[in-house]
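Remarks on the structure that follows.
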Amino acid sequence: MFKKVLIANRGEIALRVHRACKEMGISTVAIHSTADSNAMHVRMADESVCIGPPPAAQSYLSVPNIIAACEITGAEAIHPGYGFLSENANFVQIVQDHGIAFIGPTAEHIRLMGDKITAKDTMRKLGVPCVPGSDGAVPTLDEARKVAAEIGYPVIVKATAGGGGRGMKLARTEADIEAAFQTARAEAKAAFGNDEVYLEKYLDAPRHIEIQVFGDGRGKAVHLGERDCSLQRRHQKVLEEAPSPVIDAKTRARIGEICADAVARIDYAGAGTIEFLYEKGEFYFIEMNTRLQVEHPVTEAIYDVDLVQEQIRVAAGLPMSFTQRDLVPSGHAIECRINAESLPDFRPSPGRINTYYAPGGLGVRMDSAIYGGYAIPPYYDSLIGKLIVHARNRELALARLRRALSELVVDGVATTTPLFHALLDEPDIQAGRYDIHWLEGFLAREES
Ligand code: MV4
């Protein structure tokens, strides 16, 4: 096992990884920008290295500075967390070229899934159900017209290099296809330096359901069920839950086995998430994320596993600590993303926190790196904490969430906490009756 791990991230996820390391007897190295000298992830780590000025491009994204921090401290492995360099294949290659272990999948797997056409093609060949669409790239407007007529309107034009909602254009009818195609290409070129696009049948009102998978890199893999992440605003998840209110045990086993089998056959290593749109009882693959996700704690709660410790084990060449038979979900978990943003417009509200009181009690987990007196810097993501509750069933989890939210105190900056109180009062939320468009509709109704 590694003796020392460098955590190439900040905030709550850096702390999350630190905690996993300490329980495994591993010493930790934090990296930080000059804006984060007083951050909790730095204070809690065994060692820390300042790697640059506040802008992420010169600190948390600076590959040479991170490699240097490893060499200075003698860290044998890097955990990337989520965001920043976590899905950067070139970074993974450089890390390994320096004799450092990357806690995550191979550069090849990251590259494969980063190209959305290759990802979809690979998954389709592995037996994963996909959204009907073009076979690969659509190079010309003529070709786009032809494919769209075949699959039928509405269609969506997506960038091969996109993902997470970036570089997508909807064409409701034939009258929209020219603009959708040209705009998607132009935006993809500008954003990713790659104007390749593909077409899919547009699903009107699906849910976003993602399957957690985990591989040992040597042909063994398991699934840990699904998370329902349909409640999003501008492609940012707001609240996630597991299990999904609309997936039963048989459906979970069926899609879970398809996903576990797919990643086993490509020798996938570590944690991964296979994203689906789910509509009228059918799953449609859209993308795979080759990292630990923000919402991983809801899966940890119901499966009673530590996904970060498992990532570290596999990266160190050890077998997974469970088999599929060991993985039996129990109860229901819900996560709320607490952002330092002011409602109703979600404007970032960095600044000093006066008082912080974290909720607690049975079935409550608060993953956060804030503290009373901490100044939230304006340079990074506005996520300041995740409140995760777990209870025997969904109704009890909702009641526990209401109780825990009412205990939370973050004084001095605006947060998204009031939104969750409002959501808990909604009959649709109480009934689990929502799709990927529900939240935007709710927020529009609240505005007026
Ligand atoms: C779609 C879709 C409808 N049909 N693809 C947005 C993010 C990216 N991961 C995929 N996205 C979508 N792809 C087809 N064929 C609708 C969306 C979408 C969405 C998906 C998940 C969660 C929230 C969403 C909000 C708007 C659109």
Cβ pairs under 7 Å, 6+ apart, first in the stretch 201-225 and farther than 16 Å from Gln309 by Cα and assigned by TED's automatic domain parsing to the domain that holds Arg254, second away from the ligand (no atom under 16 Å from the Cβ) and of a type in the set (Lys, Arg): Gly225/Arg252
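Within the stretch 190-200, can you find the residues that are within 16 Å of the ligand (Cβ to nearest atom) and free of Cβ contacts under 8 Å to residues at least 60 places away in the same chain? Please lay out each step first, then the result.
Applying the first criterion (within 16 Å of the ligand (Cβ to nearest atom)) to the stretch 190-200 yields 191-192, 197-200.
Scanning the stretch 190-200 gives Ala191, Phe192.
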Odd one out for Met288, checked against (1) within 13 Å of the ligand (Cβ to nearest atom); (2) under 17 Å from the mean Cα position of the chain (by Cα); (3) surrounded by fewer than 24 Cβ atoms within 10 Å (Cβ to Cβ): (3)
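For the stretch 426-442, does any single residue satisfy the condition of being part of a helix (DSSP H, G or I), of a type in the set (Ser, Thr, Tyr) and more than 23 Å from Tyr303 (Cα to Cα)?
no
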Any hit, the stretch 160-175, residues being in contact (Cβ under 8 Å) with a residue 24 or more places away in the chain, of a type in the set (Val, Ile, Thr) and within 30 Å of Ala301 (Cβ to Cβ): no
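Is at least one residue of the stretch 166-175 farther than 25 Å from Glu241 by Cα, of a type in the set (Ser, Thr, Tyr) and not in a strand (DSSP E or B)? Spell out the reasoning first.
Taking the stretch 166-175 and keeping what is farther than 25 Å from Glu241 by Cα, we get 167-175.
Among the residues that remain, those that are also of a type in the set (Ser, Thr, Tyr) are: 173.
From what is left, the residues that are not in a strand (DSSP E or B) are 173.
Yes, the stretch 166-175 has at least one match.
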Hey, Glu395 outside the structural domain of Ala57 (by TED's automatic domain parsing) and surrounded by 13 or more Cβ atoms within 10 Å (Cβ to Cβ) or not: no
Check on Arg124, surrounded by fewer than 18 Cβ atoms within 10 Å (Cβ to Cβ) and either in contact with a strand residue (DSSP E or B) (Cβ under 6 Å, 6 or more places away or on another chain) or part of a strand (DSSP E or B) (or both): yes
Checklist (1) within 17 Å of Arg313 (Cα to Cα); (2) out of contact with any Gly (no Cβ under 8 Å at 6 or more places or on another chain); (3) assigned to a strand (DSSP E or B) applied to Leu231, failing item: (1)
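The values are calculated or read from the model by the stated rules, or taken from the named source; none is laboratory data. Everything quoted here is computed from the prediction, not taken from an experiment. Positions of Cβ are generated from backbone atoms using ideal geometry, with glycine treated the same way; all protein chains shown enter the neighbour counts.
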